[in-house]
Amino acid sequence: MNELKRKTLFGSLWMLVERFGYLSVQFISNLVLARLLMPEDFGTIGIMMVFITLANVFIDTGFSASLIQKKDITEQDKSTVFITNITLAVIAYGILYFASPLIAEYFHNEELCSMLRVLGIILLIDAFCAIQNTLLTREMNFKLLTQIKLTSIFVAAFVAIILAYRNYGIWSLIVQYLLYSLIRVVSTWCITKWKPILTFSIKSFKNLFGFGSKLLISHLVAELYVNFQQILIGRYYTSVDLGYYSQARQFQQIPTGTISQVINSVAYPAYARMQNDRIALREMFRQNIRLVTYFNTAIMILLASIARPLITLMYSSKWLGAVGYFQFLCLGFGVFLAIHQCSLSVLKAVGRSDYVLILEIIKKILGILFIIIGLKVWGIWGILYALALNSFIEIFLNGYFLKKEIQYSGLNTLIDMLPSIFVAIVSGVVSYFSSIFIFNNNVLETIIVSSLIFIICFLLGSWIGHLYGFEVLKKSVISILKKQLEFYRNSKYKNCI
């Protein structure tokens, strides 16, 4: 257990470095690219990435999660997954290649055909390192994963900015995706020790597919649901509208995705090792829920309160059309998103991929129904209303199955979340009205002052309410300060000697 805690702690730190490093590079490059390119360029790349994402889910087939969840894996298991991934990647790219003209016609954009065929090469490239990434995750070797990913995104982003500056337009974004995948694959093969033995076992395939097939369907349903929104906007609205929505969604997902991925990438293998001790698993899950809610809610509400000056500063005034979408996504959707990922990780860890499948089907059917009704009544805003409503309902749907496994219901989840949400909302209201009062031509000053007001109010409220996240933060800061002080004293003592 001590070794698991050590790996979990260091894994969390490296995943934090990886996510913030990756997103920092992506974020900075996106700021530059947003000023060099037009909103319609981001709308077009958003449409293409819908099909790339869906194809990647199909290629994975849930085998990654199966290898992590399975207690003991053989070389036959690994090679079987490797061969399966390559085979499915070739099939997926073939389908995408011949379907490209139909996709271009559906979205009334002839250029989509050639661009999608080029971008689709990512599917073939990524398939060659999928198994290595899974094995590194299983071993909780997040340090190596971090080094590979950060090197790849840095080089790819740098090249994309140069191409955009030289007026290559949307092709600079396509090259960025391709180059990132290529560098990652080459680095992985050069650094990792594992190499395939090119043996395919039907027994291994059936065994892994039994667990992974349910996750495949659930992941496919989830991605269809997420990308269904972009398909509708791309079909019935302009590329500019889709560009605003895509940029707002991407910006909102940076902090939410970072927090949930850091926690869940490390927590999932840790949950899996604790699957036989349901009491300890429930307590660990509760701690993660309160911790994720504390940081995620604070960030979401802060960003919503300073959205207008923030987007003006980062993307320029031509992106102000994304402000309203971004604010609503933070408040109505982003607050709960990370929690859903935590819940699904527990269910997967205890081997209940069937529950995950049932949940995804129910949630996505409801979500699609809400989106269709919302789109007809309120247009693009109807999609946002549907996301918010469905996100809230998901808490109780997840809780129904969690209660069966670890005696933790949706109501328990909401109760653990409410203190952090309340403190963040109060702080956000104060910060928002401060932003309105302060907002002038100096947007940087507005962002700094409003953010400081929010942080002061939030920390004060956290201290008064004895919030769990605040206690963890306080202990971490005190521990770091003590170590620094001890290091300083030891250094001073050595110098005296």
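Averaging the inverse of every distinct alpha carbon separation and then flipping it gives the Kirkwood radius. What is it for segment 281-348, in angstrom units?
On the way: mean 1/r = 0.0752 Å⁻¹.
Hydrodynamic radius (Kirkwood, Cα pairs) of segment 281-348 is 13.3 Å.
With the alpha-carbon atoms as the only input, what is the per residue convex hull volume for the chain in Å³? Intermediate results must be reported in sequence, preceding the final value.
On the way: hull volume 87.3 nm³, N = 497.
Hull volume over Cα atoms, normalised by residue count, gives 176 Å³.
Counting other beta carbons within 10 Å of each residue's own, what order do MET48, MET314 fall into, fewest first? Spell out each step's value before the answer.
On the way: MET48 25, MET314 17.
Fewest to most other Cβ atoms nearby, the residues stand as MET314, MET48.
Taking the Cα centre of segment 1-232 as the origin, how large is its charge dipole in debye, to the nearest 20, when only Lys and Arg (+1) and Asp and Glu (-1) carry charge on their Cβ atoms? Each step should come with its number before you reach the end.
Values: 19 positive and 14 negative charges, 203 e Å.
For segment 1-232, the charge dipole is close to 980 debye.
Of LYS143/LYS483; LYS143/LYS203; LYS149/LYS404; LYS404/LYS474, which sit over 31 Å apart, Cα to Cα?
Working: LYS143/LYS483 22 Å; LYS143/LYS203 33 Å; LYS149/LYS404 38 Å; LYS404/LYS474 34 Å.
From LYS143/LYS483; LYS143/LYS203; LYS149/LYS404; LYS404/LYS474, over 31 Å: LYS143/LYS203; LYS149/LYS404; LYS404/LYS474.
With +1 on the Cβ of every Lys and Arg and -1 on the Cβ of every Asp and Glu, and nothing else charged, how large is the dipole of the chain about its Cα centre, in debye rounded to the nearest 20? Provide the component values of the computation, followed by the final result.
Values: 42 positive and 25 negative charges, 317 e Å.
In total the dipole reaches around 1520 debye.
Calculate one ³J(HN,Hα) per residue across segment 315-326 by plugging θ = phi - 60° into the Karplus curve 6.51 cos²θ - 1.76 cosθ + 1.60, and present them in order as whole Hz with x for glycine and proline.
Going residue by residue, I get 10, 5, 5, 5, 9, 5, x, 8, 4, x, 4, 4 Hz, with x marking Gly and Pro.
Given GLN229, ALA164, ASN390, which one lies farthest toward the positive end of the charge dipole of the chain, if we put +1 on the Cβ of every Lys and Arg and -1 on the Cβ of every Asp and Glu?
ASN390
Please return the longest stretch of the chain lacking exposed loop sites, where trypsin sites (Lys or Arg not before Pro) count only if DSSP places them in a loop and at most 13 other Cβ atoms lie within 10 Å. Kindly include the intermediate steps, with their values, before the conclusion.
Details: sites that count: LYS71, ARG166, LYS193.
In short, 194-497.
May I ask for the equivalent-ellipsoid semi-axes of segment 271-313, computed as the square root of five times each C-alpha gyration tensor eigenvalue and listed largest first in whole Å?
Details: eigenvalues 266, 16, 4 Å².
Over the Cα atoms of segment 271-313, the ellipsoid semi-axes are 36, 9, 4 Å.
Kindly provide the pair-distance distribution of segment 102-172 built from C-alpha pairs, with 10 Å bins from 0 and whole-percent values in order of increasing distance.
Each 10 Å bin holds this share of Cα pairs: 16, 31, 31, 19, 3.
Just the Cα atoms of segment 340-497: what Rg and Dmax do they give in Å?
22.8, 78
List the relative contact order of the chain as a percent without decimals, with contacts defined as Cα pairs under 8 Å and 6+ residues apart. Could the numbers behind the result be given before it?
On the way: 628 pairs, mean separation 89.6, N = 497.
In percent, rounded to a whole number, it is 18.
How big is the dipole moment of segment 269-326 about its Cα centre under a simple scheme where the beta carbon of each Lys and Arg is +1, that of each Asp and Glu is -1, and everything else is neutral? Debye, nearest 20, please. Show your work: numbers first, answer last.
Working: 7 positive and 2 negative charges, 10 e Å.
That gives segment 269-326 a dipole magnitude of about 40 debye.
Hey, got the Cα dimensions of segment 228-302 along the principal axes, in Å, largest first?
Here the Cα extents, ordered largest to smallest, are 52, 27, 15 Å.
Return an integer: the convex hull volume of the alpha-carbon atoms of segment 237-425, in Å³ per residue. The partial results should precede the final answer.
Values: hull volume 21.1 nm³, N = 189.
In segment 237-425, the Cα convex hull volume per residue is 112 Å³.
Got a sec? How would LEU178, LEU112 order by Cβ neighbour count within 10 Å, fewest to most? Walk me through the numbers on the way to the answer.
Numbers: LEU178 18, LEU112 22.
Taking fewest neighbouring Cβ atoms as first place, the list is LEU178, LEU112.
Cut-off is 10 Å between beta-carbons; in what order do CYS457, CYS330 appear when sorted fewest neighbours first?
Values: CYS457 19, CYS330 25.
So the residues, fewest neighbours to most, are CYS457, CYS330.
Once the Cα atoms of segment 1-232 are picked out, what are the Rg and Dmax in Å?
Rg, Dmax (Cα atoms, Å): 18.7, 58.
Computed from the coordinates by the stated procedures, all read-outs in this text should not be read as laboratory data. Only a predicted model underlies this, so the values are computations on that prediction, with no experimental measurement involved. Glycine also receives a Cβ, built like all others from the backbone with ideal geometry; neighbour counts cover every protein chain displayed.
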